[in-house]
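A.B. asks: Here it is: the structure, laid out below.
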């Protein structure tokens, strides 16, 4: 089974949750889905991240029983595992854009669907839902997710992969997405702007990873974006 | 049941603290790796040259970047043009990664993607002849 088929089947299985307003596919699968006809040629990841706005947590929980072919992981209950080989793992992650804890990393406690709330997911803005083979897939606009990936904490292989997801998003971004990226970037505090630039720097010098986009041919693009973000910064 | 999630939160917060420390260190000696990486981003190519060739570049007006001189042992890192590079007979291309080959090079000559994107102070160095 092709990776694209596996991904689309998984999104079909979680469609009841995806219909809940505010829920989005939010991880490495987004650039694959944003390719023409959701070609899924950019990178391979064996899981799907679903961002759940914390204010929609109750509504999403009510939809869990409508999902098919997945079961909750005993070890980590925010993860749902495929029952068969025709689906991928699904991770539910929390997104807090309007509560008292915006910008904080915390656990939304719940016996049925606890969520790890990632602070930079608050940068995500809903994009136009994709329609792939009759399946409606809510995705964020690339700019916010790209910035979120650049800000991600970089430790080991996972950090490298997040940066390569940022590269994949950059490759499917249009000029207006980069304008939005710059606008979002300018709204960050200095320390996070520095982190975002550090992410781009690390990405530019990253070694190729199997089944992930290679930064090497895109280094000039990365240098140009970095110079654009640096313009107006007091330090260079 | 949520122990694993709480453990991840704890580790993420610890790493966030380390990143804050790194941010505060950015202009001090601990920030040298960041500054070196930043210079390398602007380079399309990196070449290792021997001391006599690096001396030639300097005599011709190329100024070694400050960040290289902050390292121990110091490293002479230049931006140069392809024409300048072509005159350096010891040149040997090295991969643009913070790996052993690049770090062991005593003298590095960098070719910029686009010299217009370099900070103003470096643009002058690139335009100087050997």
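A.B. asks: Other chains near B:3-14: what is the mean number of their Cβ atoms within 10 Å of each residue's Cβ?
C.D. replies: Average neighbour count from other chains, rounded to a whole number: 5.
A.B. asks: By counting other Cβ atoms within 10 Å of each Cβ, how are A:67, A:95, A:1 ranked from fewest to most?
C.D. replies: A:1, A:67, A:95
A.B. asks: Now, a different point. Gap in Å between the Cα centre of the range A:77-150 and the Cα centre of the range A:17-54?
C.D. replies: Using only Cα atoms to place each centre, the spacing works out to 9 Å.
A.B. asks: From other protein chains only, count the Cβ atoms within 10 Å of every residue's Cβ in A:68-81, then give the mean.
C.D. replies: Mean shielding by partner chains, rounded to a whole number: 1.
A.B. asks: Within 10 Å, count the other beta carbons around each residue, average over each peptide in A:57-66, A:198-207, and list them highest first.
C.D. replies: Highest mean packing first, the order is A:198-207, A:57-66.
A.B. asks: Round to the nearest 10 and give me the degree value, 0 to 90, for the angle of helix A:190-204's Cα axis relative to the longest principal axis of chain A.
C.D. replies: 90 degrees
A.B. asks: Using only Cα atoms, find the angle between the long axis of helix A:156-172 and the longest principal axis of chain A, and express it within 0 to 90 degrees, rounded to the nearest 10.
C.D. replies: Taking Cα atoms only, the helix is inclined about 80 degrees.
A.B. asks: What order do you get for A:27-35, B:105-113 when each peptide is scored by the mean count of other beta carbon atoms within 10 Å, highest first?
C.D. replies: A:27-35, B:105-113
A.B. asks: Could you list A:128, B:87 so that the one with the fewest beta carbons within 10 Å of its beta carbon is first and the one with the most is last?
C.D. replies: A:128, B:87
A.B. asks: What is the antiparallel percent of DSSP beta bridges lying wholly in the range B:3-127, to the nearest 5?
C.D. replies: The antiparallel fraction comes to roughly 60 percent.
A.B. asks: Follow-up question, since we're still on this one. Report Rg(Cα)/(2.2 N^0.38 Å) for the range A:1-140, keeping two decimals.
C.D. replies: Output field value: 0.99.
A.B. asks: Kindly state, to the nearest 0.05, the FRET efficiency for residue A:56 paired with residue B:116, given R0 = 51 Å and r defined as their beta-carbon distance.
C.D. replies: FRET efficiency, residue A:56 to residue B:116: 0.60.
A.B. asks: Here's a follow-up. Suppose the Debye formula is applied to equal point scatterers at every Cα of the protein assembly as shown; what is log10 I(q)/I(0) at q = 0.06, 0.12, 0.13 Å⁻¹?
C.D. replies: -0.27, -0.91, -1.02
A.B. asks: So if I take the centroid of the Cα atoms in the range B:74-119 and the same for the range A:169-236, what is the distance between those two points in Å?
C.D. replies: Here the two parts' Cα centres lie 22 Å apart.
A.B. asks: Taking just the alpha carbons, could you work out the radius of gyration and Dmax for the range A:57-114, both in angstroms?
C.D. replies: That works out to 12.9, 41 Å for Rg and Dmax.
A.B. asks: Within 10 Å of each Cβ in peptide B:37-43, how many partner chain Cβ atoms are there on average? Round it to a whole number, please.
C.D. replies: Counting other chains' Cβ atoms within 10 Å and averaging over B:37-43 gives 6.
A.B. asks: Which length gain, in nm to one decimal place, applies between residue A:1 and residue A:66 when the Cα-Cα distance is subtracted from 0.36 nm times their residue separation?
C.D. replies: Details: separation 65, 0.36 × 65 = 23.40 nm, distance 2.45 nm.
Between residue A:1 and residue A:66, full extension yields 21.0 nm more.
A.B. asks: Return the Rg/Rh ratio of chain B with Cα-based radii and a Kirkwood Rh.
C.D. replies: A ratio of 1.14.
A.B. asks: Arranged from highest to lowest average of other beta-carbon atoms within 10 Å per residue, in what order do the peptides B:61-67, A:216-222, A:114-120, A:131-137 appear?
C.D. replies: A:114-120, B:61-67, A:216-222, A:131-137
A.B. asks: I'd like the per residue volume of the convex hull spanned by the Cα atoms of the range B:1-70, given in cubic angstrom.
C.D. replies: Taking the convex hull of the Cα positions in the range B:1-70, it is 130 Å³ per residue.
A.B. asks: Just to be sure I understand: of the beta bridges DSSP finds with both ends in the protein assembly as shown, what percent are antiparallel, rounded to 5?
C.D. replies: Details: 22 of 36 bridges.
Roughly 60 percent of the DSSP beta bridges within the protein assembly as shown come out antiparallel.
A.B. asks: Based on the Cβ-Cβ distance from residue A:109 to residue A:135, what FRET efficiency comes out when R0 is 30 Å, to the nearest 0.05?
C.D. replies: 0.40
A.B. asks: For residue A:15 and residue A:37, FRET efficiency with R0 = 22 Å and r from the beta-carbon atoms, rounded to 0.05?
C.D. replies: 0.70
A.B. asks: Does anyone have the angle between helix A:175-186 and the longest principal axis of chain A? Alpha-carbon axes, 0 to 90°, nearest 10?
C.D. replies: Helix A:175-186 sits roughly 80 degrees off the main axis of chain A.
Here, each number is a calculation from the coordinates, and none is a lab measurement. Note that the structure is a prediction, hence the values are computed from the model and not measured. Every residue, glycine among them, receives a Cβ derived from its backbone with ideal geometry; neighbour counts consider all protein chains shown.
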